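All of the numbers you see were taken from the coordinates with simple rules; none came from a lab. Quick caveat: nothing in here was measured; it's all calculated off a predicted structure. Using ideal geometry, Cβ is built from the backbone for each residue, glycine included, and neighbour counts are taken over all protein chains shown.
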Amino acid sequence: EESDVDVDAPRVAQWVDEEDLEQLEMPSEDASRRKTGGDYPSLYLPIGLASLPLGALRRAQRALAMAQVQDSPNDSEEEEESEPESEPEDVSAKGKERKPDAHKPEWSNKPRTDIAKRTNKNAPVEVTSKKPITRRRQIVDVPKVVLRDPRFLPFIGKLQPQLYRQSYGFLADMHRTELSTLKESLKRAKKMLAYSPRDQREEREREVGKLEQAVKRTESNVNRDKRERIEEDALRKVKQEEKEKRKTGKGAWHMKDSERRKVLVKARYDALAAEGGKRAVRKAIEKKQKKIGQKEKKNRPFEESK
Amino acid sequence: MDLRASDEDPYQSGSENENETPAEKRLRLAQMYLEGVKTSLAAGEYDAAEIDKELISARLKQDVLEHSGKIHLFVADSQYDFEILPISLRTRGHRFTVTTAVASEDGKFLYTAGKEGSIIKWDLHTGKKLFTTYKKRSVKGKQKVDPDGHTDEIWTLALSSDGKYLASGGKDRVIGVWDVENTDGISWVKGFTGHRDSISCLAFRKSSQQLFSGSYDRTVKLFDLSVMGYVETLFGHQDFVMSIDSLRGETAVTCGGRDRTVRYWKIVDETQLVFRGGGLSKLRDLLEGGAFEGMDDESEKPREKEQKTYVEGSMEVVCMIDETTFLSGGDSGSISLWSMQKKKPIYVQALAHGLHETMSEERGTITSPRWITAIGSLRYSDLFASGSWDGQIKLWKLDQKLKSFSLVGCVNAPGVINSIQLLSVPKGITYSWGETKKGSVLLVAGVGQEARMGRWIVIKGSGSFNGSLSFIFLPRT
């Protein structure tokens, strides 16, 4: 057995470069080498130190040094009955393996990754005990103010159109006055632009542009107000009629979407008629049909001309 | 010449055989342990045949139960008769308030520390003073003098379980370690100066010589007295550390005053578990619970429109029952029972020591709850005691499921109770001032005319004195 065990073989695992390892693992042609003692020491025999790259040698040296350091007596287990086996110098032996790292600080500010998250919210929180407490400390719990969208808060309640019209009905008038003032100021700005000296022209052009955009915006607001008022009135009328009918004994009824659209369109045209007369209504219908026709034409596939 | 290194690994102990299986190693260690137990029981007699086999098995059983870290002595209700007035020993000798009184585990000696800076060693058997250490004059100046004694009030004492070292700490920020093994007296060994503010609490780890210290600088420090060195510091509290307690394991429990937390420190993992107190206790809860005696308005209906609510603003004292259960007392008079699984207490006894009336010129009579100034438990059992300044020490018993507790008795103790310690009297110890039987419990309380760490409470008169009180509770026959 003495001859089998190779005394010069390394006692600690040596680092072997990957390519060299592949070489080793390849079925070597020398079965004779296998016979001599353990495979383990003989694995390293074929590789002469000269063939190892320098980086591998350096890494192996470092690994050896680490292994030696870690083998040093740091496994002083704590036994309650026996006397503490820690050496007098090693005051900080706490019964667990400690790396003899002289540069490790007693506390570190990095977050601890090995602390398990608590199982449920009623369990106590586990935090590190090595992080010192700052001067700025929270002694009294200040409640955190959570900002929420007031439109979706439960105590706001549902939209009440009647109430809205009562409180905010003045906005429609305001839009109208705004539109008239804007139109006036646009007129004036255009006039000024026409008679402006060269250096002020650009500025005035910009102003005119802004005013035009503002006019468009306000015009759309005014139109929207008008349209909404018409629609609301129409729907309210239908509802009231239904209420009357229900009083006289008709069953429950709910307006379909298509019916609703029909009512609204009729109301729109009625308003137009009240404002402009039959001619205006006719013109509007014609315009609409023309527009629809153009769109349809565009969407049609390419046709052979006759 | 053989230049090779020897086959023996120099880092292995001699008795170990390299080819030992784990089972064999366990067997060898168990044999070593049994040898140790035999020799300790024999106390000098080497004839193994004379040692009763029962002694060894009883001791082994007790060791196993204690090491499991759970409650195993259910003694409070069945065993002790709290109806009869227990005999007490009063020791007087301090000029100012006694802040702590600790008795040694073997029941022979009692150590008390007072606000005047002196520590007195008493013989518990006779009640006589054995030794006194006095306050040293503080040296002012630039040179760093090695401390030789305390120079200011002493707020806390702790005694190691083998009775070798006594640790003391107080306002002078030095932890004094005294050697008390020789029966002559107390001699200074070393002073640890690491803390940056007054030391409010000390606790030894049971059956070891590791010392935990909590201080007003919000840190908890761990020292190892077998090598007389500092080990580490634990951070976490946001306010003063008011009280600390620890049992056998490498864990400790502290309570921080106004940050309303109780923290359970796991030393090995370097982590802490945070338990949040500071709950509301209503007078209504108290009336419905019915645990409070002697209230005038028992005829009051539980449902009152004006409910007095007392918020626990500060947690004052903490005490460990076993490795996973502990108690805390707060300044709203509430005693809370905690378990490791919940961050809030599993049971709270509100207003344990009643309400206290103070006269105020502007507001007339103000009633406020009496704080819990001291709490102590019989380790690994279901009996514990709490003290305040209402002239009584109340004894409580945990119920079977360990989910609540109830009052079982009280003893008269005038003055402010600054510390409470409960320990079971070991076999063979007798006291000249009271009879002891097998299984009796000794309660040692440090009482004074002022509160421990300040002068917020002053009780002068109604029998209050500066000293310590010891009671023996005998088991029912």
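General remarks:
- For the stretch B:401-477, the Stokes-Einstein estimate of translational diffusion at 25 °C and a viscosity of 0.890 mPa s comes to 169 µm²/s, using the Kirkwood hydrodynamic radius over alpha-carbon pairs.
- Using alpha-carbon coordinates, inclination of helix B:53-68 to the longest axis of chain B, degrees: 60
- With only Cα atoms counted, chain B has Rg and Dmax values of 24.0, 101 Å.
- The stretch B:94-216 has equivalent-ellipsoid semi-axes of 22, 16, 13 Å, by the square roots of 5 times the alpha carbon gyration tensor eigenvalues, sorted largest first.
- For the stretch B:390-446, the list of trypsin sites (Lys or Arg not before Pro) that fall in a loop by DSSP and count at most 15 other C-beta atoms within 10 angstrom reads B:LYS401, B:LYS403, B:LYS427, B:LYS437, B:LYS438.
- Stretchable slack from B:HIS67 to B:SER368, in nm (0.36 nm times residue separation minus alpha-carbon distance): 104.2 nm
- Shape annotation for the stretch A:121-227: C-alpha extents along the principal axes are 79, 49, 19 Å, from largest to smallest.
- Neighbours of B:MET315, meaning other residues whose beta-carbon lies under 12 angstrom from its beta-carbon, give a summed charge of -1 when Lys and Arg score +1 and Asp and Glu score -1.
- Summarising the label geometry, the points placed 7 Å from Cα in the beta-carbon direction at B:TRP456 and A:VAL208 lie 8.0 nm from one another.
- Sorting the segments B:173-180, B:274-281 by their residues' average number of neighbouring beta-carbon atoms within 10 angstrom, most packed first, yields B:173-180, B:274-281.
- Surface/4 estimate of mean projected area, convex hull on alpha-carbon atoms of the stretch A:227-267, nm²: 2.8
- Principal axis extents of the C-alpha atoms in the stretch A:193-306 (largest first, rounded to whole Å): 77, 49, 26.
- Approximate spin-label separation B:MET228-A:PHE155, in nm, with each point projected 7 Å along Cα-to-Cβ: 6.8
- Multiplying the residue separation of B:GLN238 and B:THR193 by 0.36 nm and subtracting their alpha-carbon distance yields 14.0 nm.
- Calculated P(r) of the stretch B:239-281 - Cα pairs past 11 Å, %: 64
- Here A:ARG282 and A:VAL145 are evaluated by their C-beta separation; at R0 = 45 Å the FRET efficiency comes out at 0.15.
- Taking amide H as placed 1.01 Å from N in the peptide plane, the amide H of B:VAL408 sits under 5 Å from that of B:LEU395, B:TRP396, B:LYS397, each at least 5 places away or on another chain.
- Other residues within the sphere of radius under 15 Å centred on the Cβ of B:GLU153, judged by their own Cβ, net out at +4 (K and R +1, D and E -1).
- At 1.567 mPa s and 4 °C, Stokes diffusion of the stretch B:164-275 via Kirkwood alpha-carbon radius, µm² per second: 92
- Packing, as the average of other Cβ atoms within 10 Å across residues, places the peptides B:130-138, B:90-98 in the order B:90-98, B:130-138, highest first.
- Note, ³J(HN,Hα) from phi for the stretch B:427-434, Karplus 6.51, -1.76, 1.60, rounded to Hz, x at Gly and Pro: 5, x, 8, 10, 10, 6, 9, x
- Residue pairs exceeding 19 angstrom between C-alpha atoms, taken from A:LYS187/A:LYS288; A:LYS216/A:LYS287; A:LYS216/A:LYS298; B:LYS38/B:LYS164; B:LYS108/B:LYS164: A:LYS187/A:LYS288; A:LYS216/A:LYS287; A:LYS216/A:LYS298; B:LYS38/B:LYS164.
- Taking only Cα atoms of the stretch B:66-162, radius of gyration then Dmax in Å: 18.2, 61
- C-alpha long axis of helix B:22-42 to longest principal axis of chain B, angle in °: 70
- Most to least packed among B:359-365, B:456-462 [average Cβ atoms within 10 Å]: B:456-462, B:359-365
- A:LYS298-A:GLU219 FRET efficiency (beta carbon distance; Förster radius 41 Å; 0.05 resolution): 0.90
- Counting only the Cα atoms, the stretch B:127-179 fills a convex hull of 99 Å³ per residue.
- Interchain or long-range residues, amide H under 5 Å from B:HIS356's placed H: B:SER368, B:ARG370
- For the stretch B:327-474, convex hull of alpha carbons as volume per residue, Å³: 131
- When the stretch B:426-467 is reduced to its Cα atoms, the Kirkwood hydrodynamic radius in Å: 13.1
- R0 of 60 Å, Cβ-Cβ distance B:LYS437-A:MET66: FRET efficiency to nearest 0.05: 0.45
- Using 0.36 nm per residue and subtracting the Cα-Cα separation, the extra length available between B:VAL268 and B:ILE87 on full extension is 60.8 nm.
- Two-site label geometry, B:THR126 and A:LYS110: point separation in nm, points 7 Å out along Cα→Cβ: 6.2
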